[in-house]
Every structure is written in structure tokens, then in C-alpha cells.
2 protein chains.
Amino acid sequence: MTREAYYGIILLKLKIIFNKKEPFVPFGPRWLEARFRGCGFRWTFPRQVILDVLTKEKKHLSAEDIFLKVHKRYPGIGLTTVYRTLELLFNMGLVRKYEFGDGRARFELSQGPGIEHHHHLICRKCGKIIDYKDFVEDEQKLIKDLEERLSKKHNFKIETHQIHFYGLCSNCS
Amino acid sequence: MTREAYYGIILLKLKIIFNKKEPFVPFGPRWLEARFRGCGFRWTFPRQVILDVLTKEKKHLSAEDIFLKVHKRYPGIGLTTVYRTLELLFNMGLVRKYEFGDGRARFELSQGPGIEHHHHLICRKCGKIIDYKDFVEDEQKLIKDLEERLSKKHNFKIETHQIHFYGLCSNCS
DNA sequence: ATATTGTTGGAAATGATTTTCAATAATATT
DNA sequence: AATATTATTGAAAATCATTTCCAACAATAT
């Protein structure tokens, strides 16, 4: 099967599922498996390991970071599979993808027990990334307001947002 | 001169100048030239043309976009020079660099007459980018507040921020 | 137990960006 | 104004993250 057909089917599957219902599954012990099967995808070992890494290491990992961690446990796994799985998870709405400016994308699980909405501080000198989840209430209020107004004005359906702060971390300033 | 030494010198120059004074020059007719010379850089023709393009086309251009426009007027110019100039301008604080997730960086002049602080809406389907500069006052207040608190808490010196909204544009939803 | 077909790994390809290096052009010096 | 100095440039090659191709494989359906 060509790549185009393969991903065409994936997107189609997701579209159908998402139109039928919110693919929400309670965060029980096997909710990820349920989510995969619910969307018609296979619950394979590589996917399990990648998701386990994402679940345990919550913070902005690059594809290579994930590959290295996964590789330790399951040396047979390929970098390609990591990229493919991340793309699938992104399309499923399970991971967020960030580009902070150093040329490599970062990924984070966006749903699950203990996952909180947050944004990032990025040091322009050493590249260190710090999460912050403070003052979310204030932000949420502004953003919600903003989203409503922007949606109307530009006829744009906003789904997510990212806020990046750039500057110098304690070591570099 | 090796690349490392060359850029070492550039960064050193910038550091010295920026420590001595705010490299601000009133936005007169030749303020860009003054800014360049003031930092010890040469005011070359390629740089002039690139800056002219950035000044006229204000919106989130990729390096290739800029190259193509510049190339029309001065076919001798190389893509390498465009990348190099953009890096220099970024280090001088004259351009902002964005990565919206499609694998290519976007650049915008960040200072000059008529340049306004703004953020972006990005369509996840067609990649269209819309600027918005509405409601900046509300945002500024929150952001300023946030910056102060984050600076203290994480001992992080915030210099800039970016807000990206992702969703579906009017054509794609 | 077997057939079906979605998924995988590795190698090769891609595309944006960076590096190298000799030639050139902007500025400083005479 | 002529020459010396050195920052800057362009083209080709290199690099690096990510994607594609394709034959082998493994998860699920029959």
C-alpha cells in the first residue's frame, strides 16, 4: 500500500470516528489501548513502548529523544516507526507538537491522568525548555475571550493555542 | 576566516554594542543603515535589498519567499546570503523568526515605522497564516503580569513571546 | 489454523538550512 | 585617488531532521 493510500485511510478512519463520537475513553488502566482500538488501529508493541515513554517522560521530547529511550527497551524499533507513531498520535489528538526554533520538533502527550495544560519558557542561549502551568485561570479567561472574538472576526475555528516565552534562563543571564 | 570565528565576531560585536547602549536609532529615512553601521557591519547591496523586501512585504515570509523576491531585482544574490542575513538580523533583534509547524521558518521585520506587535492564526489544513493585532491591550496586561511572575519564579529573563492559534480557516472548515 | 491487511524496519530520498572556500566588494589606510 | 585590509558574498557540497519506498512481518479477522 502506498504511503498516500495508507495515510488517506488513517485520516479517513479518524474522520469517521471523530464525527461519530468524541473518542473519549475514561482514563482507566487501558484507556490508550481502548482509544487505539476504538479508532480501528492496532495495538502494537512499538506503539505501546512509545506511548509508555511519552507517559512517563512528560516533557517536550524530540523524536530522537524518544527513539533513544524506546530503543533501550526494544532495540528492534526503528526511528521511522517513532516518527510515524508520533504523526498518528498527533492526528489522533493525543500528542502536541511544538517547534521552538532549534530545528527539531518536540512532542508531548496531551491527554491522560496527570496531564495539565501548560506553556513553555525557552532559553535563547542554551535552549533549555521550562514548563509553566501557573496562572492558567487568568490566561484561560483571556484566551477564551480572544478565541471567540477572533473566530468571529476572521471566521476561523480555533482548536488549540501555544504560548512561547523566549529569553535567558538563570544559568545564561 | 572560519564560520565559527566569523560568527563569533558578529556576536561579540553585537554584545559590545548592546552593552554600551540601546542600539536604537530614530526611524529616519536611513535608520537601517545607521543601525548596521552602528553595530560595525557593512551596508551592502544584498542586505539593502533583503531589508527592502522585508520592509515592504510585512508578513511571515520564508527564506525562499524572500530569496525569490530579492532574486527578481538582483539575480546575482544567493540563497545562502538570504539565510545569513536573516540570521544576522535575528541576532540584531531586527527580525522575528517563527516556526509554525510546516518545517520552514518564517521571518518578519520586528522594528520600524508601521510595524505593530501581533500574533498568528494558522490553519492546520491549508497552512494559511493570518495576522491579528486585535485586543493587544488586554493581552499586554496579562502577558506583562505573567512575565513578571514567571521571571521571579523561574529566575528567567523574558525577552519576547509568541502566541500561535491553530485551527481551521474559513475555506477549510 | 490460515488468510487478510495494517504495521514495521532499513535504506534511500527529500528538503530546509549550514558550512566551506575562493572570489569579491566595502571600508580603512596610505 | 590608489592600495591594502578584511568583512561579505555565491556556488557547491555537506548536514540534519524528517519522509518515502518497499519487502518482510505481525496483529486481527475468518
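Odds and ends about this structure:
- Counting, for every residue in A:105-117, the Cβ atoms of other protein chains within 10 Å of its Cβ and taking the mean gives 0.
- Protection proxy ranking, peptides B:46-54, A:26-34, A:65-73, average beta carbon neighbours within 10 Å, highest first: B:46-54, A:65-73, A:26-34
- Within the stretch A:117-173, percent of DSSP bridges classed antiparallel, to nearest 5: 50
- Entries of A:Lys125/A:Lys157; B:Lys69/B:Lys157; B:Lys125/B:Lys153; A:Lys56/B:Lys59; A:Lys59/B:Lys56; A:Lys141/B:Lys152 with Cα pairs more than 32 Å apart: A:Lys125/A:Lys157; B:Lys69/B:Lys157; B:Lys125/B:Lys153; A:Lys56/B:Lys59; A:Lys59/B:Lys56
- For B:151-158, mean number of other protein chain Cβ atoms within 10 Å: 6
- The stretch B:32-137 shape via C-alpha gyration tensor axes, a/c threshold 1.5: oblate
- Proximity of backbone amide H atoms, modeled 1.01 Å from N, is registered between A:His161 and B:Tyr166 at under 5 Å, excluding neighbours fewer than 5 places apart on the same chain.
- Inter-centroid distance (Cα atoms) of the stretch B:24-103 relative to the stretch A:47-111, Å: 35
- Distances from A:Phe41 to itself in the other copies, using label points 7 Å out along the Cα-Cβ axis, amount to 4.4 nm in increasing order.
Every read-out reported here was derived from the displayed coordinates using simple, explicitly stated rules and does not represent laboratory data. Please read all numbers here as calculations on a predicted model, not as lab measurements. Cβ coordinates were reconstructed from backbone atoms using ideal geometry, including for glycine residues, and neighbour counts include every protein chain displayed.
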